[in-house]
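Step one of this worksheet: look at the structure below.
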Amino acid sequence: MPPVNSKHEWPYPEARRFPTGIERFSYRTYNWFENRLWPIRPLPFLTATTAATAFQVRDLGWGEIKEDVQKLIKPLAISVGSIYTTVFLLRHFLKYFYFSYKGYLFESPKKPSIKSMMWAALRKVLLAVAPPQLSSCDSLLPNLPLPALTDTVDRYMESMKNFMSEDDYGKLLEMSRQFVANEGRSIQRYAWLLHKFSENYVTSLWETYIYNAGRYPLLINSSVAQCTMYGPSDLVQAYQVARLIYIETIANLALDRQKYLAVGDGLMSTRHYKNIYNGCRIPGAQYDHFKWNEPAKHVIVVHNCTWYKLDVCDANGRLYSVDELAKIIAEMMERDDKSTGFIRKVASLTTDGRTEWSVNRQKFFIDNKHNRQLLELIETAQFVMSVDGDLNWGVESTAQLSKYMKDMLAGDGSNRWVDKTMNYAVDASGRAGATGEHSPCDGAELDHLCENVLNVDKQILVSPTKEQQLEIMKMSDEERKTLKLAKKLDFHEVEGMESEINRCFEQHQNASDDLHMHSLAFTDFGKGRVKKCGISPDGFLQMAIQLANYYDQGKFVLTYEPGSVRFYANSRTETLRPVTDASCKFVRAMLNEESTQEERRELLKEACNIHVENCKQVMTGKGVDRHLFVLCVLAKGLGYNSPFLENYANQKWLLSTSNIPNMTNSVDEDTSENNIMLGASFGAVAENGYGICYRFAGNRAIMVHITSYHSAPNTDSDRFGQHLKDAFHALADLFEAEPINNNVTKRV
């Protein structure tokens with residue numbers, strides 16, 4: 001057990017052993033009952049059933065029961081039925097009142113309604129009596145509501161009028177009316193049937209057609225990057241690798257046991273957490289699919305383009321300590337068995353288009369018995385850990401920070417097994433990050449994972465000095481005999497493999513070279529100053545992005561921001577459309593030299609208030625885009641010709657944005673600049689647009705990562721970064737006593 005800081009607690013139980021098959025069957029069986037009985041626990045349910053049965057047969061002797069078991073079965077059935085009926089009614093009350101009620105979102109915390117106060121009181125009772133485990137409440141969440149067709153179309157039309165001329169808008173308006181009056185009504189009926197016979201009418205179609213049907217390479221186009229803290233690492237590379245493997249093994253086992261702390265006290269869907277570890281996306285000729293595996297006893301480590309299987313426990317199931325793992329990692333890094341030739345770039349095959357990769361996977365791995373076994377080790381591993389070279393990290397340089405984040409997003413073409421949900425990477429400085437595959441889970445789950453990792457790594461586990469770490473990593477002759485050393489994966493060369501690997505590697509290099517990353521570590525102020533202005537922090541960022549984009553492009557563009565709908569069963573995300581009449585009025589006022597500071601300030605407040613209101617509408621299932629997406633899929637599948645839906649499907653998100661939420665508040669980013677978390681990034685969705693991922697780093701900083709493509713003549717991530725930095729100051733200055741600098745109006 002590694003030394004820990006007593007001031008902080010682990011966010012999940014710290015396991016000592018890998019569970020046996022019987023142990024895993026036992027706790028999974030218990031959790032199966034837990035998830036179907038909560039807020040009643042399985043043991044109280046069993047106790048009540050036993051007591052009720054005993055009461056009914058109190059007059060019968062044990063010998064009489066042994067002679068005629070039928071005398072016990074009937075009382076037992078009555079007990080189980082009556083008690084479960086009570087539990088069933090209680091759970092339905094909770095589902096249709098407690099979990100379905102969202103009125104408190106639209107009320108002032110200072111003046112809640114009686115219903116909201118009753119809801120809050122019930123919440124306190126439930127959390128005190130039966131605090132939920134990770135998935136205790138998942139089956140109680142309400143189904144995602146299906147909006148009325150006219151409501152969705154009206155909201156969509158309202159969101160589009162700032163992007164087109166009056167003539168074009170008039171044509172689209174007429175098209176929408178024809179849609180509602182004709183084919184839209186028929187397609188909506190099928191959507192209603194889908195809604196009635198599934199807990200979530202969106203998710204299965206979304207995962208199939210948005211993710212698994214995509215034939216493009218995943219890196220840059222779909223995957224996301226997760227990064228570590230702003231400050232320097234106090235761990236040497238091998239020791240940091242060992243510590244991450246240890247932490248994430250514990251987290252993996254905690255998830256499997258359902259002991260991972262549920263965000264939102266059970267009010268939010270946790271359906272996709274299990275996909276973070278052990279699983280793998282499997283390429284197909286037309287559609288991919290995700291394959292989940294039970295927790296693995298090994299991880300895959302890649303060092304110097306050489307792949308290794310590393311066990312996390314000994315033959316008896318005892319988990320290796322951080323120190324023991326550090327010895328195994330250090331020994332692996334010192335070997336002279338590194339791969340040579342084109343095999344060093346074997347992982348570049350996974351960076352290819354999905355159809356091409358499915359063909360090569362079959363040819364080079366499935367059809368080759370030896371390579372098939374190695375592939376199975378990779379695809380069933382907990383995760384992949386890349387031990388990288390020196391990335392020349394330096395927070396004082398935007399260029400170096402951007403280079404680091406770009407590497408986390410794209411890798412080098414040979415050090416990521418792209419199909420795995422998590423690919424961790426630790427560079428020579430000991431700094432860690434990760435590349436996440438997006439199809440099996442969303443950013444919120446990955447953010448939760450990363451915050452817990454940073455909490456344990458930086459605040460709970462005590463770090464030895466670098467001298468002590470170097471001493472710890474030395475392996476004795478006895479340890480060399482007892483510890484299970486990393487096993488190299490020797491891939492067999494197959495005819496045609498060399499040319500395909502070289503093609504894929506070159507193709508990825510070209511894509512990576514085209515990616516333009518600009519990482520802005522804005523430390524002039526953070527959430528604290530924005531809150532003093534009395535406006536929504538996310539609204540502030542979105543209005544700053546809109547202003548910066550107008551500086552950059554001279555027009556308003558269709559903007560995507562993911563909104564949470566995790567209040568509903570098996571939910572993913574919905575689209576929050578930040579461009580509104582209010583946001584456009586604000587931007588125009590900022591560009592108008594005759595506008596006063598007070599006018600601009602009031603317009604900003606109004607725009608932020610509307611943004612918050614729209615966010616609440618999305619959270620309660622009243623979004624636009626997932627409903628229209630389902631109608632598009634149904635129309636195509638049923639053979640409907642719909643000009644309105646075709647027009648919708650062809651729209652381009654020239655601004656794709658995402659706010660990285662703070663899921664746990666476990667790391668105090670205000671205590672030190674070194675505690676600031678860098679956040680995440682993703683590739684721009686449109687070839688001539690921007691991808692902007694941002695987060696507030698406590699009250700002291702804003703972290704923004706901007707992507708575009710060098711091949712696009714109209715975009716420049718560095719230029720946009722400067723515009724955004726100026727926009728931050730311009731918005732914050734509206735709340736200062738001195739007038740703002742009207743030079744801001746001369747950018748366009």
key: Filtered residues of the stretch 511-561 (kept if assigned to a helix (DSSP H, G or I), at pLDDT below 95 and of a type in the set (A, V, I, L, M))   = 530
task = Could you please find all residues in the stretch 701-729 being more than 24 Å from the chain's Cα centre (by Cα), of a type outside the set (S, T, N, Q) and under 13 Å from residue 522 (Cα atoms)?
result = 721, 723, 724, 725, 726, 727, 728, 729
request  = Kindly indicate whether residue 254 is surrounded by fewer than 21 Cβ atoms within 10 Å (Cβ to Cβ), hydrophobic (A, V, I, L, M, F, W, C), in a helix (DSSP H, G or I) and touching a residue at least 40 places away in the same chain (Cβ under 8 Å).
outcome  = yes
task = Name, by its number, the condition in (1) part of a helix (DSSP H, G or I); (2) surrounded by 13 or more Cβ atoms within 10 Å (Cβ to Cβ); (3) not assigned by TED's automatic domain parsing to the domain that holds residue 204 that does not hold for residue 89.
result = (2)
key: Pairs with Cβ under 7 Å, 6+ apart, first in the stretch 623-637 and outside the structural domain of residue 192 (by TED's automatic domain parsing), second modelled with pLDDT under 95   = none
inquiry  = Given the condition touching a Leu at 6+ places or on another chain (Cβ under 8 Å), more than 24 Å from residue 270 (Cα to Cα), surrounded by fewer than 19 Cβ atoms within 10 Å (Cβ to Cβ) and among the aromatic types (Phe, Trp, Tyr), answer yes or no: does some residue in the stretch 167-189 qualify?
reply    = no
remark   = Considering residues that are closer than 20 Å to residue 574 by Cβ and buried (at least 16 other Cβ atoms within 10 Å of the Cβ), the number found within the stretch 150-162 is 7
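Among the candidates 104, 96, 84, which residue alone is over 20 Å from residue 40 (Cβ atoms) and under 40 Å from the mean Cα position of the chain (by Cα)?
On the way: 96 fails: over 20 Å from residue 40 (Cβ atoms); 84 fails: over 20 Å from residue 40 (Cβ atoms).
Unique residue meeting the criteria: 104.
Taking the options 234, 138, name whichever one is closer than 29 Å to residue 254 by Cα, surrounded by 15 or more Cβ atoms within 10 Å (Cβ to Cβ), charged (D, E, K, R) and assigned by TED's automatic domain parsing to the domain that holds residue 391. Even if it seems obvious, please write down each step before you answer.
Details: 138 fails: assigned by TED's automatic domain parsing to the domain that holds residue 391.
Exactly one residue qualifies, and that residue is 234.
What residue, of 224, 202, is under 30 Å from residue 622 (Cα atoms) and either outside the structural domain of residue 632 (by TED's automatic domain parsing) or basic (Lys, Arg) (or both)?
Going through 224, 202 in turn, the sole match is 224.
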task = For the stretch 688-709, enumerate the residues that are crowded, with 18+ Cβ neighbours inside 10 Å, under 16 Å from residue 550 (Cα atoms) and either not hydroxyl-bearing (Ser, Thr, Tyr) or not assigned by TED's automatic domain parsing to the domain that holds residue 549 (or both).
result = 689, 691, 692, 706
ask   = Just one of 712, 684 is part of a loop (DSSP other than H, G, I, E, B), buried (at least 24 other Cβ atoms within 10 Å of the Cβ) and assigned by TED's automatic domain parsing to the domain that holds residue 549; which is it?
value = 684
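Residue-wise test of (1) in contact with a Gly (Cβ under 8 Å, 6 or more places away or on another chain); (2) farther than 30 Å from residue 440 by Cβ.
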residue: 508; (1), (2): yes, no
residue: 517; (1), (2): no, no
residue: 520; (1), (2): yes, no
residue: 524; (1), (2): no, yes
residue: 536; (1), (2): no, yes
residue: 546; (1), (2): no, yes
residue: 550; (1), (2): no, yes
residue: 581; (1), (2): no, yes
task = Would you please name the residue that is surrounded by the fewest Cβ atoms within 10 Å (Cβ to Cβ), looking only at residues in the stretch 631-652 that are in contact with a Leu (Cβ under 7 Å, 6 or more places away or on another chain) and within 13 Å of residue 186 (Cα to Cα)?
result = 632
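I'd like to know if the stretch 441-456 contains one or more residues that are assigned by TED's automatic domain parsing to the domain that holds residue 336, in a loop (DSSP other than H, G, I, E, B) and within 30 Å of residue 208 (Cα to Cα).
yes
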request  = Please determine, by comparing only the residues of the stretch 162-197 that are free of Cβ contacts under 8 Å to residues at least 24 places away in the same chain and in a loop (DSSP other than H, G, I, E, B), which one is nearest to residue 272 (Cα to Cα).
outcome  = 197
task = Would you be able to tell me the number of residues in the stretch 460-496 that are touching a Lys or Arg at 6+ places or on another chain (Cβ under 8 Å) and assigned to a helix (DSSP H, G or I)?
result = 2
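Each row is one residue, and each column tells you yes or no for (1) on the phi > 0 side of the Ramachandran plot; (2) at pLDDT below 95; (3) assigned to a loop (DSSP other than H, G, I, E, B); (4) among the hydrophobic types (A, V, I, L, M, F, W, C).
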position	(1), (2), (3), (4)
104	no, yes, no, no
112	no, yes, yes, no
127	no, yes, no, yes
135	no, yes, yes, no
Members of the stretch 603-625 that are outside any loop (DSSP other than H, G, I, E, B) and either in contact with a Phe, Trp or Tyr (Cβ under 7 Å, 6 or more places away or on another chain) or β-branched (Val, Ile, Thr) (or both) = 603, 604, 607, 608, 610, 612, 616, 618, 619
inquiry  = For the stretch 14-34, which positions are of a type in the set (A, V, I, L, M, F, W, C), surrounded by 16 or more Cβ atoms within 10 Å (Cβ to Cβ) and in contact with a helix residue (DSSP H, G or I) (Cβ under 7 Å, 6 or more places away or on another chain)?
reply    = 15
remark   = Within the stretch 491-517, restricting to residues that are free of Cβ contacts under 8 Å to residues at least 40 places away in the same chain and of a type in the set (Asp, Glu), the one that is surrounded by the fewest Cβ atoms within 10 Å (Cβ to Cβ) is 495
task = Could you please let me know if residue 520 is surrounded by 20 or more Cβ atoms within 10 Å (Cβ to Cβ), hydrophobic (A, V, I, L, M, F, W, C), farther than 26 Å from residue 410 by Cα and outside the structural domain of residue 335 (by TED's automatic domain parsing)?
result = no
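Quick one: is residue 147 surrounded by 13 or more Cβ atoms within 10 Å (Cβ to Cβ), in contact (Cβ under 8 Å) with a residue 40 or more places away in the chain and out of contact with any Cys (no Cβ under 6 Å at 6 or more places or on another chain)? Steps first, please.
Numbers: surrounded by 13 or more Cβ atoms within 10 Å (Cβ to Cβ): yes; in contact (Cβ under 8 Å) with a residue 40 or more places away in the chain: yes; out of contact with any Cys (no Cβ under 6 Å at 6 or more places or on another chain): yes.
Judged against the criteria, residue 147 is a match.
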request  = Scan the stretch 190-209 residue by residue and report those that are surrounded by fewer than 16 Cβ atoms within 10 Å (Cβ to Cβ) and of a type in the set (A, V, I, L, M, F, W, C).
outcome  = 192, 193, 197
query = Are any of the residues in the stretch 241-251 in a loop (DSSP other than H, G, I, E, B) and either surrounded by 22 or more Cβ atoms within 10 Å (Cβ to Cβ) or modelled with pLDDT of 95 or more (or both)?
reply = no
key: Count of residues meeting criterion [of a type outside the set (Phe, Trp, Tyr), closer than 16 Å to residue 439 by Cβ and part of a helix (DSSP H, G or I)] in the stretch 345-364   = 5
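The values are calculated or read from the model by the stated rules, or taken from the named source; none is laboratory data. The structure displayed is predicted, hence computed values, not measured ones. Because the Cβ atoms are built from the backbone with ideal geometry, glycine has one as well, and the counts that use them run over all protein chains shown.
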